[in-house]
Structures are given as C-alpha cells and as structure tokens.
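The values are calculated or read from the model by the stated rules, or taken from the named source; none is laboratory data. Being a predicted model, the structure only gives us computed values, none of them experimental. As a convention, Cβ positions derive from the backbone with ideal geometry for all residues, glycine included, and neighbour counts pool all protein chains shown. The area values use the complete protein model at the heavy-atom level, side chains included, leaving out ligands, DNA and RNA. Shrake-Rupley method; radii C 1.70, N 1.55, O 1.52, S 1.80 Å.
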Amino acid sequence: MSPLLASVGAETETAFTMPSINYYAIAPILILFGAAVVSVLVEAFVPQRGRRPVQLVIVVGSIVAALAVTIDLRGTRLVTGEGAIAVDGPTLLMWGALLVIGLLGALLMAERSIDPLGDAFAPRASALPGSEDEQEFTRRGFLQTEVWPFLLFALTGMLVFVASNDLLVMFVALEVMSLPLYLLAGMARRRRLLSQEAALKYFLLGAFSSAFFLYGAAMLYGFSGSVSLVAISDTLSAKTGEGSLVAIGIALLMVGLLFKVAAVPFHQWTPDVYQGAPTPVTGFMAATVKIAAFGALLRVLYVSLGGLRWDWEPMLWIIAALTMLVGSVVAITQTDIKRMLAYSSIAQAGFILVGVVAASPQGLASALFYLVAYAFTTIGTFAVITMVRDASGEATHLSKWAGLGKKSPVVAAVFSLFMLSLAGIPLTSGFVGKFGVFAAAIDSGNTWLVIVGVVASVIAAFFYVRVIVLMYFSDPTPDTASVVIPSAFTTIALTASAVMTIALGVFPQWLLDIITQAGVFIR
Amino acid sequence: MNPSSYVVLSALLFSIGAIGVLVRRNAIVVFMSVELMLNAANLAFVSFARMNGNLDGQVVAFFVMVVAAAEVVVGLAIIVTIFRTRRSASIDEPNLLKY
C-alpha cells in the first residue's frame with residue numbers, strides 16, 4: 001500500500017473533529033452572505049412590484065449590520081477556520097472601507113429619478129436590445145432587481161478575498177467576487193451593445209487570468225505541500241532547490257492578482273469594461289475591486305512571499321513604473337470621460353504599487369491610505385457622471401462637458417474637486433495618499449521609482465486639469481450636456497464622497513491613526 | 001508511473017489552453033480553452049497531492065470543479081446574450097469599445 005493510502009486509512013479510523021471557527025470574527029462575511037441568499041429568495045417569492053423596496057432594505061440593512069460588527073471587532077487579531085481566514089488590523093480596515101463604499105455604490109444603483117426611463121439597468125437583461133419586447137418591458141416599468149443579490153455576492157467575495165489566508169479560499173473568493181461583476185457589467189439600460197461587449201470581454205479575460213492564478217497556486221502547492229500562505233512562507237525559508245516551481249508559481253499568481261488591480265501589461269480589459277458597464281456599477285467596481293485586489297496582493301506578498309522580497313521586487317518595480325506611465329500617457333488621448341477615468345485608474349494602481357513594493361510596514365500603511373482615499377474619490381467621480389446627461393443618456397464625450405461650469409456651477413465644482421484629488425493637489429485626499437506612498441518608497445531606497453512616479457503625476461495632472469479647464473474656460477455650446485437633479489440616493493453618495501475627499505485631505509490624521517493601530521498582517 | 005509525468009502533462013494542457021484562448025475566434029471555444037486551463041491546474045493539484053503525500057491538493061480540485069461549473073453558468077449566459085444580439089459568437093465582431 002502506498003504511503004498516501006495508508007495515511008488516508010489511518011485518518012478514517014479517528015473520529016471526525018469539528019474545525020474551530022470563531023463565528024463572531026467572520027460575522028460580517030456571514031451577514032452579507034446570508035443577506036445575499038435571502039435576496040435571491042426574494043427574487044423567487046416576492047411579487048415584481050414589491051421586490052425593489054424589500055431588496056433595498058435587505059441590502060442597506062445587511063451592509064450597515066456588517067459594518068457595525070466590523071467596527072465592534074476593532075483590535076481583533078486572530079486566524080480562524082483552521083488557518084483559512086485571517087481577521088487582523090488591515091483586514092478589518094479594508095472590510096470597513098469595502099462596506100462603506102459598497103453602501104455608497106448601492107445608493108448609486110438604487111437611483112431611479114435621473115433617467116426618465118427608470119434606473120441604470122436594463123428592464124430585462126435577456127430581452128434583445130431594441131426589440132419590441134424591450135420597449136414593452138420599459139413601458140411597463142419592469143426592473144431587473146437581480147442586481148441586488150449580485151451586489152451582495154460581489155461584496156461578500158471581496159470581504160473573503162482580503163481576509164483569505166490560504167490560496168484555495170483566495171481563489172474561491174476571487175470567483176465569488178468576479179462572477180457577479182461580469183454580469184452587472186452587461187446590464188446597462190442604454191447603449192446595451194457596448195454593455196454586453198464589456199461583459200464578454202471582462203468575463204473572458206477575467207476567467208483567463210483566474211486560470212493563471214490557479215495554476216500558480218498549484219505550483220506553490222507542489223513546492224510546499226500546502227496552500228496555506230504561512231506554510232508556503234515557512235517552506236520557502238526552510239527548503240532550498242526546486243526554484244523553478246517557486247518562480248513559475250509566483251509569476252502566475254501575480255498575473256492573476258495584477259490583472260484584478262489593472263496593472264500594465266494586464267490592463268487591457270479596464271477601459272472597455274469601465275466604459276461599457278452601467279456607470280453606477282463602474283463606480284462601485286472601480287473603487288471596491290481595487291481595494292479587494294490590492295488587499296489580497298499585499299497579503300500574499302507580505303505574509304507568504306516576504307522572504308523572497310529580492311526576487312519579486314525588481315519585477316514589481318518595472319510593473320509599477322510601466323503602469324504609472326502607460327496609464328497617464330494614454331489617458332491624455334482619450335475623448336470619452338469614462339474611458340479617460342479608466343486609464344486614470346490604471347495610473348492610480350501604479351501609484352499604489354509604489355507603496356506596495358516598498359515592502360515595509362510604512363509602505364503597507366501608505367498603500368492602505370491611498371486605497372481608501374482613491375475609493376471615495378472614484379465613486380464620487382462616477383456619481384457625477386451619472387448626472388451629466390443629454391437626450392441620449394449620459395453625456396460621456398468630453399466635448400459635451402464644455403462650459404458645464406457656467407451651466408451647473410455646483411456640480412462642476414464638485415467634479416473639479418475630485419479631479420484635483422486624483423491629480424494629487426494639496427488639501428485633497430489624493431495629495432496625502434501620493435505623499436505617503438512616495439515617502440515610503442524613498443525610505444526603502446526606491447528613489448528612481450519615485451522620480452518616475454512624480455513625472456507620471458505631472459503627465460496625469462494635464463488630463464485631469466484639462467477637464468476643469470474645459471468646464472470653466474469654454475462657453476456652453478448647444479451640445480453641452482445638462483445636469484439632472486438626482487434623488488436623495490445619489491445626493492447622499494455624492495456628498496459623502498466629496499466630504500471624505502476634503503476631510504482626508506485637510507484632516508488625514510484620524511485615518512492615519514486608525515491605519516497605524518491596524519498594524520501589519522498577522523502571520 | 002512517476003507522478004511528475006502528470007505534472008508535465010498538466011503543463012502541456014495548460015499551455016494548449018492558453019494558446020487556444022489567444023488564437024481561437026469563437027467565444028465558446030475560447031471559453032473551453034479557459035476550462036482546459038482550469039482542469040490542467042486540477043491535474044497538477046492532484047499529481048502534487050500524490051507527490052507530497054497529503055490530501056490538500058485533491059480537496060482543492062473539488063473546489064475548482066464547483067467554481068468552474070459556476071463560471072460556465074455565468075459565461076454561457078453572457079455568450080448566449082451576445083449571440084442573440086449579434087447572431088454570431090465571434091469575439092472579433094463586438095468591436096465598439098476600442099482605443
């Protein structure tokens with residue numbers, strides 16, 4: 001009998017022991033997951049007309065409850081579920097950020113008074129674009145309320161993704177997070193061909209990248225005999241040889257994670273998906289996926305591969321530099337504002353990577369601050385884009401934004417604030433974030449990377465400021481879009497993100513204190 | 001038979017899948033190639049489980065099968081929607097989003 005079968009035989013004789021799980025520590029995940037399941041049942045049993053209010057109550061209630069538990073868990077630092085889930089300072093911080101941003105995203109998705117036809121989603125995603133069925137569904141005021149379970153499942157996946165302490169949980173969470181987002185991307189009410197195309201591209205490329213992630217995990221498992229991040233790290237420091245398995249494993253794993261953060265050269269999906277997806281979904285996805293993916297990337301690099309720092313750092317230096325430069329330069333040539341912001345998000349991913357490759361507690365803290373600041377600014381930016389419209393829907397072409405400052409001064413001022421924050425101008429959150437990552441990089445000796453980063457920031461400032469100039473220093477044309485007054489949903493989300501953008505720029509200390517207390521990843 | 005042969009086989013299958021994704025033009029075939037990559041990873045996991053003498057890899061393979069099934073549901077839904085709109089499953093035709 002082979003040793004493997006012998007060991008299996010021995011195990012079946014012993015009694016089954018329950019895994020030890022601290023249910024309270026993972027309560028935010030359980031609440032959201034339970035709410036998502038209930039939300040699916042609502043789709044099955046509640047009549048069409050009553051679904052929207054019920055779903056809204058479930059979504060907002062569960063996110064607020066999960067947030068309350070997350071706040072109550074502060075200071076927790078433990079590994080539970082037989083080492084599968086790590087609930088530590090950075091996890092809780094990212095949970096908090098994901099839940100708040102998720103709530104703002106839910107508010108944007110709930111908005112119904114901007115578009116005269118209804119919310120941002122197709123009345124029936126299955127109806128052919130432009131068909132009589134579709135017009136009939138629109139006329140009857142049908143709503144695709146399945147977007148709410150999708151939102152909750154995606155958010156659950158993100159919470160697990162940033163807390164996962166082994167590669168199997170991380171892979172499952174990656175898929176739970178991504179699959180609902182692929183579908184949400186394809187559900188826009190207007191410009192449905194673009195939306196469906198975005199969903200197809202997002203899905204095929206996303207599945208491709210997660211296959212890379214999985215194969216990388218298989219290689220690391222082959223090397224260390226475990227999928228646990230800590231065990232992989234221990235094996236790496238104990239065992240020499242079989243270097244090719246480790247190198248291939250790390251490289252493939254990084255492809256999967258860097259795809260999700262939209263780093264060059266794995267960024268090709270970003271502009272298409274950001275442009276084609278319904279704008280509230282773009283805002284939600286741009287902000288939360290960035291947090292979740294960077295959370296997982298940081299944990300893998302710090303917990304599992306910290307001992308191999310010298311091997312992966314040069315690779316990430318090059319990727320960070322390329323990401324900043326390509327994102328900034330290509331954004332200049334864009335004429336569609338959603339597409340421009342997609343390239344801007346690629347450039348921002350590069351700036352965050354500068355903090356990640358610093359590979360120090362300071363680098364971790366600066367990356368976390370940057371992520372939170374970026375997420376609030378981003379969701380606010382896309383909230384404004386949902387409101388700027390013309391007869392055919394959202395006016396995303398930049399030429400239609402000319403003179404908006406004279407037509408709608410308040411909205412233009414808020415949008416300028418977000419642009420200045422993304423450009424990293426002092427007194428906005430973006431400045432504090434950029435300062436943090438560059439300071440961390442200089443402390444760890446990556447001065448050349450900071451120089452590249454500053455050059456990229458200058459290039460990026462050009463296209464951010466160009467939008468402001470376009471809004472204020474040109475006269476409104478007949479083509480200029482007008483701003484639709486939204487209901488309380490969008491107003492709350494927009495106000496919250498604008499307040500946070502200023503608050504984190506003028507008084508960043510409270511968040512910096514929270515991040516300092518959060519400390520580093522548990523091992 | 002030496003289990004490391006199966007690792008080599010899985011690497012071959014993974015490469016065939018990756019090349020399939022890059023060169024094929026039909027969305028269904030591209031998607032099949034992605035599934036081939038996932039199954040190649042499964043084969044690697046199971047072979048390594050044998051080589052390492054523990055069961056973790058086999059457990060992972062079961063999880064991956066479930067995830068792959070969920071991915072099929074979502075993927076085919078998206079591909080069928082595109083097919084009904086455009087009467088074609090070619091991934092070259094949806095080309096409205098570019099530059």
For residue A:286, indicate whether it is within 14 Å of another protein chain (Cβ to nearest Cβ), open to solvent by less than 10 Å² (accessible area, probe 1.4 Å) and among the aliphatic types (A, V, I, L, M). no
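If you go through region B:68-88, how many residues are farther than 30 Å from residue A:218 by Cβ and either more than 7 Å from every other protein chain (Cβ to nearest Cβ) or surrounded by 15 or more Cβ atoms within 10 Å (Cβ to Cβ) (or both)? Lay out the reasoning, then the answer.
Going through region B:68-88, the residues farther than 30 Å from residue A:218 by Cβ turn out to be B:80-88.
Right, trim to either more than 7 Å from every other protein chain (Cβ to nearest Cβ) or surrounded by 15 or more Cβ atoms within 10 Å (Cβ to Cβ) (or both) and you get B:80-83, B:85-88.
Of the residues in that region, 8 qualify.
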Note on region A:422-448: residues in a helix (DSSP H, G or I), surrounded by fewer than 16 Cβ atoms within 10 Å (Cβ to Cβ) and not hydrophobic (A, V, I, L, M, F, W, C) are A:443, A:447
Hey, does region A:88-102 have a residue that's open to solvent by less than 60 Å² (accessible area, probe 1.4 Å), outside any strand (DSSP E or B), at pLDDT 95 or above and over 20 Å from residue A:518 (Cα atoms)? yes
If only one of A:416, A:487, A:497 is of a type in the set (S, T, N, Q), open to solvent by less than 60 Å² (accessible area, probe 1.4 Å) and without any contact (Cβ under 8 Å) to a residue 60 or more places away in the chain, which one is it? A:416
If we scan region A:179-187, do we find a residue that is open to solvent by 10 Å² or more (accessible area, probe 1.4 Å), of a type in the set (A, V, I, L, M, F, W, C) and more than 9 Å from chain B (Cβ to nearest Cβ)? yes
Checking residue A:230 against (1) touching a helix residue (DSSP H, G or I) at 6+ places or on another chain (Cβ under 6 Å); (2) away from every other protein chain (no Cβ under 11 Å); (3) hydrophobic (A, V, I, L, M, F, W, C): exactly one of these is not met. Which one? (1)
Taking region A:218-230 as the search range and keeping residues that are touching a residue at least 40 places away in the same chain (Cβ under 8 Å) and in a helix (DSSP H, G or I), which one is surrounded by the fewest Cβ atoms within 10 Å (Cβ to Cβ)? A:230
Out of the residues in region B:55-66 that are facing another protein chain (nearest Cβ under 7 Å) and touching a residue at least 12 places away in the same chain (Cβ under 8 Å), state the one that is farthest from the chain's Cα centre (by Cα). B:57
Can you find a residue that is more than 8 Å from chain B (Cβ to nearest Cβ), open to solvent by 10 Å² or more (accessible area, probe 1.4 Å), over 29 Å from residue A:22 (Cβ atoms) and outside any helix (DSSP H, G or I) anywhere in region A:195-217? no
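For region B:22-31, what are the residues that are aliphatic (A, V, I, L, M) and open to solvent by 60 Å² or more (accessible area, probe 1.4 Å)? Outline the logic, then answer.
Step one: filter region B:22-31 for residues aliphatic (A, V, I, L, M), giving B:22-23, B:27-30.
Once the filter is applied, which keeps residues that are aliphatic (A, V, I, L, M) and open to solvent by 60 Å² or more (accessible area, probe 1.4 Å), region B:22-31 yields B:22, B:23, B:28.
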Could you please let me know if residue B:34 is open to solvent by 20 Å² or more (accessible area, probe 1.4 Å) and of a type in the set (Val, Ile, Thr)? no
From A:383, A:367, A:342, grab the single residue that is assigned to a helix (DSSP H, G or I), open to solvent by less than 10 Å² (accessible area, probe 1.4 Å) and within 14 Å of chain B (Cβ to nearest Cβ). A:342
Every residue from region B:39-67 that is of a type in the set (A, V, I, L, M, F, W, C) and surrounded by fewer than 22 Cβ atoms within 10 Å (Cβ to Cβ): B:43, B:46, B:51, B:55, B:59, B:61, B:62, B:63, B:65, B:66, B:67
Checking the condition out of contact with any Asp or Glu (no Cβ under 8 Å at 6 or more places or on another chain), open to solvent by 20 Å² or more (accessible area, probe 1.4 Å) and modelled with pLDDT of 95 or more, which residue from A:372, A:326 passes? A:326
I'd like the full set of residues that are open to solvent by 60 Å² or more (accessible area, probe 1.4 Å) and closer than 18 Å to residue A:166 by Cα, limited to region A:235-247. A:237
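If I go through region A:476-522 residue by residue, how many of them are of a type in the set (D, E, K, R) and out of contact with any helix residue (DSSP H, G or I) (no Cβ under 6 Å at 6 or more places or on another chain)? So that I can check it myself, show each step before the final result.
From region A:476-522, those of a type in the set (D, E, K, R) are A:479, A:513; that's our starting set.
Adding the requirement that they be out of contact with any helix residue (DSSP H, G or I) (no Cβ under 6 Å at 6 or more places or on another chain) leaves A:513.
Residues meeting the conditions: 1.
Only one residue in B:39, B:52, B:2 is within 8 Å of chain A (Cβ to nearest Cβ) and polar (S, T, N, Q). Which one?
Working: B:39 fails: within 8 Å of chain A (Cβ to nearest Cβ); B:2 fails: within 8 Å of chain A (Cβ to nearest Cβ).
Checking each option against the conditions leaves just B:52.
Does region A:236-254 contain any residue that is hydrophobic (A, V, I, L, M, F, W, C), in a helix (DSSP H, G or I) and within 25 Å of residue A:282 (Cβ to Cβ)? Before the answer, list the steps.
Step one: of region A:236-254, the residues hydrophobic (A, V, I, L, M, F, W, C) are A:236, A:238, A:245-248, A:250-254.
So of that shortlist, the ones also in a helix (DSSP H, G or I) come out as A:236, A:238, A:245-248, A:250-254.
Now drop any that are not within 25 Å of residue A:282 (Cβ to Cβ), which leaves none.
For region A:236-254, residues hydrophobic (A, V, I, L, M, F, W, C), in a helix (DSSP H, G or I) and within 25 Å of residue A:282 (Cβ to Cβ): absent.
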Contact list, first residue from region A:177-188 and farther than 17 Å from residue A:210 by Cα, second anywhere and part of a strand (DSSP E or B), beta-carbon distance below 6 Å, six or more apart or interchain, is A:187/A:121
Options A:407, A:400; residue that is surrounded by fewer than 19 Cβ atoms within 10 Å (Cβ to Cβ) and over 24 Å from the mean Cα position of the chain (by Cα): A:407
Do any residues in region A:433-451 that are among the aromatic types (Phe, Trp, Tyr) have Cβ atoms under 9 Å from those of residues that are assigned to a loop (DSSP other than H, G, I, E, B) and surrounded by 13 or more Cβ atoms within 10 Å (Cβ to Cβ), where the two are at least six apart or on different chains, and which pairs are they? A:435/A:424
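Looking at region A:48-84, which of the residues that are under 20 Å from the mean Cα position of the chain (by Cα) and more than 15 Å from residue A:514 (Cβ to Cβ) is surrounded by the fewest Cβ atoms within 10 Å (Cβ to Cβ)? I'd like the intermediate steps shown before the answer.
Step one: list which residues in region A:48-84 are under 20 Å from the mean Cα position of the chain (by Cα), which gives A:59-60, A:62-64, A:66-67, A:70.
Keeping just the survivors that are more than 15 Å from residue A:514 (Cβ to Cβ) gives A:59-60, A:62-64, A:66.
Details: A:59: 26, A:60: 14, A:62: 24, A:63: 25, A:64: 12, A:66: 28.
Checking each candidate, the answer is A:64.
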Hey, any hits in region A:150-165 for a residue that's part of a helix (DSSP H, G or I), surrounded by fewer than 22 Cβ atoms within 10 Å (Cβ to Cβ) and more than 14 Å from the chain's Cα centre (by Cα)? no
